[in-house]
Amino acid sequence: MALIIPKNNADAQTLDATLKIYYDTNDWVQNADLINRLSAALDDLGIEDEKKEPQSYTKKTQVLAYFGFITWQDVTNSQSARRITDLGKKFYEARLTGDTDKVIEVLIESLSTCTFGRNVIGCDSDSDIEAPNVFIKASLLLGGLNNNEFAFILGLMELSGVDFSDTIFHIKVNRLRGIKTYPTEGAKKWNDPKPITALKNWGFFNSDDNTISDRVLLKYSDALINLRIKNTEKIRFVSEQEDEEDNSKEVPLQQIFYGAPGTGKSNTIKREVDDKGKLNYRTTFHPDSDYSTFVGCYKPKMKRSTITKDGETTTEEKIVYNFEPQAFTNAYVQAWKAKDDVYLIVEEINRGNCAQIFGDLFQLLDRKNGESEYPVDADSSLADYLQTALAESKREDIPAEVKNGTKLKLPSNLYIWATMNTSDQSLFPIDSAFKRRWEWKYTPIAQGKDENGNLMEWQIEGQGENSWWTFLQGINEVIDVTTHSEDKKLGFFFCKDQDGVIKKATFVNKVVFYLWNDVFKVYGFKSEIFDKKGKDDKTEKITFKSFYKDDGSVNEETMSVFVKNVMAKAPKKNSNGDASNETEEISEESETEA
């Protein structure tokens, strides 16, 4: 095991200049071409006074590749052609327009989805430790972190196998005693982490003490909490070149897709599972869900039987009890019967009491090489059912105790995927022990795309082309300024359309109702989006009831005023179609007002 962190340039200007070359080309860039163009670009910027060795220009892509912004055509060749990724395009566009919030959003996506301990393009790292996430969580727990303390933590974790929480304890004690913390000799190589320097230069950390920026902490607290500091999955990295020949990338066995309502979490699973014809079983958690509705239980049924007595035939009904399997058991049995992938999909996982629903199945979520590391005993009713259900399994690798039903053990072809709306007021918070056993996939708010990848330009009835996406950008800007949170924002698929149109009644009954009752009822209606001209041109507040006429139909006048108010808050576009700096000014103005 060896943890390697890129040690090359993390200057923001240099990284921007490097990324610009790939963005402008939007195709594979050969190494020689990169060297020539980057050398000229840095000369123009006055960053380098003398020519460097060719490999020094090549290495300037390492930090960008580390965060998933650049990919290699052939990962086995250090001189391979490279190109920008979709994530890299979003990042560069945000940097180009000075959209700091978008920069942070893309960085959160990178930290949530990329691996840093292994499968890192451009460096031969092979470790369970996700270094940037370790730094972030340590900074949160300690109120800032210096590079020597970071190297000390990595040294204990990587070289001595010390638990992360224990390393934090050591530093706290040293600080109380007034002792400076230094890494051991073997860990000194990690005390100049360029990716952390890059994050600081990009506005993720405060530059004075390496604490997390307040704007990051307020907007992305949930995402920061769920960042994994270790990744034990032995995922094989597939290069772009290999991927054209082999699409068999390994995917997380257990993952939760989370984000604002309407961001397409369920649709993502549908595309990956249903649309590809993969066998799946679905269930939805709710406050009344329990072990029996997830796994199964005995239920009474009426059974009709025929009786012949003294030459007379009669029928009678009597109650019998049969074990009725539910989603988990059905998926479990099917997975052990065949080697094809089976998916158990849990919608709205945070709306149920996970501890109660999973029960002792919780222990099965610890996997090693895909299978449960710690099998559990099946209760007698479940064991009896499994013994019959698995009797015909042809799998040679099925353990005898699993086949006879006495032990429960998840096979490596059983995937458990779930969705979670961050805005839901969960009655049963998911505890940290449960969270650690899942991969977390953040689903950002973005304009919807059709099956061919074309942007969906939905309109709100009577409000013009693409008014729905413009409205969403505006209202999410106001929600952000008012609540400082992602939780209450609206995703593109928050409403259902009819041939690309959000009907007036749907808009008022769903969108307006949600905003009034679940968002601004708590935070207040101070924003100018709620203002309208009344009698004598006096400003008055838009009320919820004003969206309806006396007969219950939609008041189009009020609706139109509100929609236009909100759309005015959307980021403005310049002549090139890019977001202009006016967006930041609007945000600051709204924040003062709110």
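Observations
- Cross-link reach list, lysines versus Lys301, counting only Cα pairs under 18 Å and skipping chain neighbours closer than eight places: Lys318
- Signed unit charges on C-beta, dipole axis of the chain, positive-most listed residue Ala570, Ile212, Asn231: Asn231
- Across the cross-link table entries Lys504/Lys564; Lys276/Lys339; Lys276/Lys435; Lys435/Lys489, which are compared at the Cα atoms, the separations over 26 Å belong to Lys276/Lys435.
- Gained length - Asp86 relative to Asp341, 0.36 nm times residue gap less alpha-carbon distance: 89.0 nm
- Note on the range 466-578: the alpha carbon radius of gyration divided by the globular reference 2.2 N^0.38 Å gives 1.08.
- Accessible area in square angstrom per residue, the range 91-202, 1.4 angstrom probe: 39
- Share of carbon and sulfur in the accessible heavy-atom surface of the chain [1.4 Å probe, %]: 45
- Counting only DSSP beta bridges whose two residues both lie in the range 436-565, roughly 75 percent are antiparallel.
- Of all DSSP beta bridges in the chain, antiparallel share, percent nearest 5: 60
- Spin-label pair Gln30/Ile319, simplified geometry with 7 Å Cα→Cβ offset, distance in nm: 8.1
- Think of a 1.4 Å ball rolled over the protein heavy atoms: the range 393-459 then has 51 Å² of accessible area per residue.
- Counting only protein heavy atoms and a 1.4 Å probe, the range 261-309 has 61 square angstrom of accessible area per residue.
The values are calculated or read from the model by the stated rules, or taken from the named source; none is laboratory data. All of these numbers come straight from a predicted model, not from anything done at the bench. Backbone-built Cβ (ideal geometry, glycine too); neighbour counts: all protein chains shown. Protein only, heavy atoms only, side chains kept; ligands, DNA and RNA dropped before computing areas. Shrake-Rupley method; radii C 1.70, N 1.55, O 1.52, S 1.80 Å.
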